[in-house]
Amino acid sequence: MDRKQLLDILKRIASGETSPDEGLADLVDFPSARMEYAHLDTHRHLRRGIPETVFGQGKTSEQILGIVERLSGNGDPVLVTRVSEEAAALVVARWPEADHDPQSRTLHLGSLTPTGGSPLLIIAAGTSDLPVAEEAARTAVFLGRDVLRAYDVGVAGLHRLATHSNEMSNAGAIVVVAGMEGALPGVVAGLVSVPVIGVPTSIGYGASLGGFTPLLTMLASCACGLTVVNIDNGYGAAVAAHMILGTKDQ
């Protein structure tokens, strides 16, 4: 439930259009909803400007279906990350309008109101980084952001990044996704005047250590204005960028 929905309930009670008991019934799952296997934070949209997101990894298809049904029943759009093909098929069978993307392993039912303002640019060092980059991009779209993309522009051929100078100039914030040695976010942060969020990925040969090498490279960068999220956490990067750019009154 967001601020507009709660305000509408209060106005209808104040005007007499809705009785207090009816208004209370509308708030039965506020601020939380208990299920056998989950305790949902239905107050999060009101409190933080974004609804609770379902982390699909480790959950059964039936659990994901039940959580999506409960959250959507409260009027919130729903985003599921790390969703399996089986769980996504079950949700899409129930809600054919749900948008599932196998590459990013995301699924969303509805989205937030477009925010306007400067777009968010998602940069990926390599094509192998696209699952994480697209998790960030689709999360940002779900949150109402305009998204620009610049993919496969890593330091092995840095001239490719220069072809996206217009996108970098127009972006309000930039998420840079990179595996291997993870040098690209520091390069980008040294070229632009907006916040840059680095996302290390687990892509790379042995010495990349499953993402720890790019993580440490990004943390050790001397480029100011660069912040770093957890390995493969495209979702967290997109949410951080969204809040940096301002959530308005969603």
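Any read-out appearing in this document is the output of simple, stated calculations on the displayed coordinates, not a laboratory observation. Quantities reported herein were computed from a predicted structural model and do not represent experimental measurements. Here the Cβ positions follow ideal geometry from the backbone for every residue, glycine too, while neighbour counts run over all protein chains shown.
Against the empirical 2.2 N^0.38 Å (N residues), the chain has a Cα radius of gyration ratio of 1.11. The spacing between region 119-148 and region 187-250, judged by their C-alpha centroids, is 12 Å. The Cβ shell under 14 Å around LEU109 holds other residues with a net charge of -3, Lys and Arg each +1, Asp and Glu each -1.
With a Förster radius of 45 Å applied to the beta-carbon distance between ARG149 and THR60, the computed FRET efficiency rounds to 0.85.
Exposure proxy ranking for GLU62, GLU69, based on other Cβ atoms within 10 angstrom of each Cβ and starting from the fewest, stands as GLU62, GLU69. Extending 7 Å from Cα along the Cβ direction at VAL92 and again at ASP41 yields two label points whose distance is 3.0 nm. At what distance in nm do the modelled label points of ALA220 and MET243 sit from each other, each positioned 7 Å from its Cα along Cα→Cβ? In this crude spin-label approximation the distance works out to 2.9 nm.
With neighbour counts taken as other beta-carbon atoms within 10 Å, the residues HIS159, HIS108 rank, fewest first, as HIS159, HIS108. Roughly what would the spin-label model give for THR113 and SER15, points 7 Å off Cα along C-beta, in nm? Once both label points are built, they end up 1.7 nm from each other.
By the count of other C-beta atoms within 10 Å, a proxy for reagent exposure, THR53, THR113 are ordered fewest to most as THR113, THR53. Helical content alone sets the calculated 222 nm signal of the chain at -11000 deg cm²/dmol, taking -39,500 (n - 2.57) per DSSP H segment of four or more residues and averaging over every residue.
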